[in-house]
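The values are calculated or read from the model by the stated rules, or taken from the named source; none is laboratory data. Keep in mind the model is a prediction, meaning the values are calculated, not measured. Cβ placement follows ideal geometry from the backbone for every residue including glycine, while neighbour counts extend to all protein chains displayed.
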Amino acid sequence: MFKLYLTSIVAAEMVALAALEFLLPSFSLFLVLIIPLTLVVAFVARRRYGGPALGIRRLSPEAIAGYRSRRSFTDSPESLSRAIVERAEEIQRALEESPADEVRVEMCALGYRACANDMITLTHLTGEALQDASFLRRIRLRRSRKRAIDALSEARKALPPGALRGAPQERQ
């Protein structure tokens, strides 16, 4: 989108400069500097205020582990189960891409811990929902809890040995 906006702004400036050149030939020579100035300002603004690199710089293991969705999962155990499965699968993918990267392993361990905490919440929510549930709903609840357990188990297997023992600072 940035390229589209920048292209349209530069094109509009060129049209305006062409019109000024036609109307006032001596005055528009100084305005030709507007196009490079616009490009410089746009790139500086993008680097400073936006773009994907900005979000990566702001990430930290504490921010990832402490992240909680704005939406409450108390609505349904199935939605919490889906979230656990998605995060567990993402942990597996991240560890498959580069299993030797220490920072990635630490971040995945933090994500695993967050999933394990959510699994406790899921167990309580499922227990409460099972009391009043119909036969089909009980099957769905148990299946979604089983799916989350299996995904979390696979994520645990993907973590290297000793990754959950503590942070590197604690091990020293």
Contacts under 9 angstrom Cβ, first residue in region 99-118 being within 14 Å of A83 (Cβ to Cβ), partner assigned to a loop (DSSP other than H, G, I, E, B) and charged (D, E, K, R), 6 or more apart = A114/R68
Taking R142 as meeting all but one of (1) within 23 Å of the chain's Cα centre (by Cα); (2) surrounded by 12 or more Cβ atoms within 10 Å (Cβ to Cβ), write down the number of the exception.
-> (1)
Hey, among the residues in region 160-172 that are over 23 Å from T123 (Cα atoms) and not in a helix (DSSP H, G or I), which one's modelled with the lowest pLDDT?
-> Q172
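Yes/no per residue for (1) at pLDDT 80 or above; (2) aliphatic (A, V, I, L, M); (3) within 23 Å of the chain's Cα centre (by Cα):
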site: T7; (1), (2), (3): yes, no, no
site: A12; (1), (2), (3): yes, yes, no
site: L17; (1), (2), (3): no, yes, no
site: S28; (1), (2), (3): no, no, no
site: A45; (1), (2), (3): no, yes, yes
site: G50; (1), (2), (3): no, no, yes
site: I64; (1), (2), (3): no, yes, yes
site: Y67; (1), (2), (3): no, no, yes
site: P77; (1), (2), (3): yes, no, yes
Within the group L95, L136, L125, which residue is more than 17 Å from the chain's Cα centre (by Cα), of a type in the set (A, V, I, L, M, F, W, C) and surrounded by 15 or more Cβ atoms within 10 Å (Cβ to Cβ)?
-> L125
